[in-house]
Every structure is written in C-alpha cells, then in structure tokens.
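Working notes, beginning with the structure itself.
We did not get these values from a lab; they are worked out from the coordinates using the rules stated. Just so we're clear, the structure is a prediction, and the values are computed from it rather than from any experiment. Ideal geometry is used to build each Cβ from the backbone, glycine not excepted, and the neighbour counts take in all protein chains shown.
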Amino acid sequence: MNGLTFNGVHSDSFGLIMKTVQRSAGAPVRQKEIVIPGRDGTFVFPYKKRNTKTHIAKFTYSATNMADIRQKERQIGAWLSAQEAYLIFDDEPDVAYLATAYSEITPTENYLTREIEIEFVCQPFGIAIEETEISETITGSYQKVIQYEGTHKIGFGSQMGAYFNVELDGSFTSLNIKLNDTTISFETPSASGTIIIDNVNGKITKDGANYIDSATFSDFLTLYPGTNLLEISGESINCTIKVKYNALYI
C-alpha cells in the first residue's frame, strides 16, 4: 500500500490514492536571541527546544455520482477531525507522529474526480511504535549498558506522547538508581510494592500513590542517543527492575 494511517484508520478506507507527500526532515529549533545595542549580530541563547513540524499529503479520489462524492467528503472530514492522533506512513511503519490536521480541507471541484491536500501539524519527533523493555531481577549491585536507538534524547519535558519509565518491584533497605550522571535514591526501606519513576512527566509513585517525597534527587533520568550506563546500588536489594521507553526520532 502507498498511503497513511491516521487515528487508526488507513487512507485506503476512503478510496484515497496518495499522489505525493512532503515530509519534514526535522522540526525547526525555536529562535531565542536578543539584540545587543552597539554590537553586530545577536546574542543566541543555548536553547534547543523545537517547534512543531508539518507533513503534507496529496490525495485523489472519485465516485460514481455527486451524492457519493459528498458522502465521501463528509467521511474524510470526520476522519481528519481527530486531534493529537497517531499518523503513520506506509513506508515508515515503525514510527508514529502525534498529529492534528488543523487546516481546512478544500477539495478541487473536478466533478467526480477530486484532489485534496492535507496538512498534518505534528509534534517535533516521531515515536517508535514498539515499546522497548529491559527487565532484570537484581539482588545486589548491578550495571547495564543501554543502547538507545533513538536520535533524540528522552526525559523530563519531552514532547507530548513520549514515554520513559523505570519500574522497581520488590524490596530493599536502600536503593540508588543511576543513569549516566543522574541518581535517584530511596533511603526509606520498602518491604514490597511497585515504584514507578515517570521520567517524562516528572512523577514517582508507589502502588499508584504519590511517592516523590521518599526520593532524593536533583533531576529525573534521561536516555541519550547511543550508549547509556544504568547502575543500581544499595542494601538488601531483592527487586525486578524494568526500563521501558518508546524511542524518539528527529
């Protein structure tokens, strides 16, 4: 097939034939700079947050009579009314974009054969469809090299739809979780239960209840493209640790 899936429905469902697609290679970096009087140029702040990016798809479709054309266009309009829904291209089936079709959809008036251009405004990074999970049972100090396959880091403040959790299920007297240069510590003994560190949304829970006050840390954990070192230390550890994420792609 040569088309796309939006909000769980493929374009083929409406008899749409995709002619061309203009796909953004990367969302623009937000410009953050100031003009200093008496100095050439500008002062640019070290700021690398990105704006949304746009993918544009052009389709043709046809019907046997005007009543069918109007019905098909109403169905297409309803399909495109979803907001922040997953957009998946057939030629890139392992990556989804969180997208909204904001612009008005205006078909060409060529009787029973029509053409439309759909502009999808997307969150800046593609999200891997398949979740990666690393799971280990540990009873003492532990190290694990995580090869993060994404092309953009994932951590606190990542875009809408991003996902990176660390889960701990079991017991310990004290526990330290270090990823690269960031450490989250728990000094209060835990006899049982599941602790979830939601690094994207900045939450720590135990069995569904807020547990952030029991943790000592200065920042949440971040996965960077390439090699990341996970280290576990502490006392009387008997836990299963799970690292779960969906990689982000520029």
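Using the structure shown, decide if Val121 is in contact (Cβ under 8 Å) with a residue 40 or more places away in the chain, under 21 Å from the mean Cα position of the chain (by Cα) and within 17 Å of Leu4 (Cβ to Cβ).
Yes, satisfied.
Just name the residue that is surrounded by the most Cβ atoms within 10 Å (Cβ to Cβ) out of those in segment 121-139 that are among the polar types (S, T, N, Q) and outside any loop (DSSP other than H, G, I, E, B).
Step by step, filter segment 121-139, then rank; the result is Thr132.
Within segment 94-146, count every residue that is within 27 Å of Thr222 (Cβ to Cβ) and acidic (Asp, Glu).
The number of residues fulfilling the criteria is 5.
Can you name every residue in segment 223-245 that is within 30 Å of His55 (Cβ to Cβ) and surrounded by 20 or more Cβ atoms within 10 Å (Cβ to Cβ)?
Passing the criteria: Leu223, Tyr245.
Collect the residues in segment 140-184 that are free of Cβ contacts under 8 Å to residues at least 40 places away in the same chain and buried (at least 16 other Cβ atoms within 10 Å of the Cβ), keeping them in residue-number order.
Listed by number, the residues that qualify are Thr183, Ile184.
Hey, among Ala99, Ala78, which residue is in a helix (DSSP H, G or I) and either touching a strand residue (DSSP E or B) at 6+ places or on another chain (Cβ under 9 Å) or farther than 26 Å from Gln159 by Cβ (or both)?
The conditions single out Ala78.
From Ile197, Ile204, grab the single residue that is without any contact (Cβ under 8 Å) to a residue 24 or more places away in the chain, closer than 26 Å to Glu149 by Cα and surrounded by 20 or more Cβ atoms within 10 Å (Cβ to Cβ).
Step by step, each of Ile197, Ile204 is checked, and only Ile204 is without any contact (Cβ under 8 Å) to a residue 24 or more places away in the chain, closer than 26 Å to Glu149 by Cα and surrounded by 20 or more Cβ atoms within 10 Å (Cβ to Cβ).
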